[in-house]
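Working notes, beginning with the structure itself.
Since every read-out is calculated from the coordinates, none of them should be taken as a lab result. Here the structure is a predicted model, which is why all the values come from computation and not from measurement. Heads up, the Cβs are rebuilt from the backbone with ideal geometry, glycines too, and the neighbour counts pull from every protein chain shown.
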Amino acid sequence: MFHIKSAAAIALSILLSATSVMPATAALVYDRTTGTFVDEAELAPRPRGGQGAIRKEIVEYQTAQKPGTIVIETGERRLYLVLEGGKAMKYGIGVGRDGFTWSGTHRITRKAEWPGWTPPPQMRKRVPDLPAYMEGGPANPLGARALYIGSTLYRVHGTSEPWSIGQAVSSGCIRLTNDDVTDLYERVAVGAKIIVNH
């Protein structure tokens, strides 16, 4: 009996030792450059265009819009949240790539924390490997928060690709870093006006 217990203990310790040095299985993430899901470790580091992070800041901002209004300047790659006293909070954003730009005035109709993602049929047609639905979480393309824009398919949301801020790479949504979209989410109410200028 003692030999069986000893053998079992030795086998268990070998098994535990082997699993502690084996690599953990990484989560699959969507690689927009190839249009497929890949192991996160396979993704090449993303270019940053020589720029550091675009930091949010309070700036002078003269407008006739009321405080709480979001104004997006796609050409500038900036989002302005109108504040009191001729000021605005300015955030760096990623915008729609060529063929996916748009403009208009709407309202924020819904807010969500760590939203799930259901790619629209048009996107699934362009990228057949997309899942029908993806649970919310750090690898989800919508990031930490989402503000839904009127009856459009578009959102202001976070991103699992912070390198894309300042770039024109999305399918029309406006993206911020997860830290910035969390800050914006806390400041904006459902019903807030949103103006997208192109």
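Observations on the structure shown:
- Residue exposure sequence - H157, H198, H106 - by fewest surrounding Cβ within 10 Å: H198, H106, H157
- Over the range 68-198: Kirkwood hydrodynamic radius from C-alpha pairwise inverse distances, Å: 14.6 Å
- 3J(HN,Hα) along the range 148-156, derived from phi through the Karplus expression 6.51 cos²θ - 1.76 cosθ + 1.60 where θ = phi - 60°, amounts to 8, 9, x, 9, 7, 8, 9, 9, 9 Hz, with x in place of Gly and Pro.
- The fewest-to-most ranking of R155, R78 by surrounding Cβ atoms within 10 Å reads R78, R155.
- With neighbours defined as other Cβ atoms within 10 Å of a residue's Cβ, the residues V190, V169, V82, V196 order from fewest to most as V190, V169, V82, V196.
- For V169, distant residues with modelled amide H under 5 Å away: V95, R97
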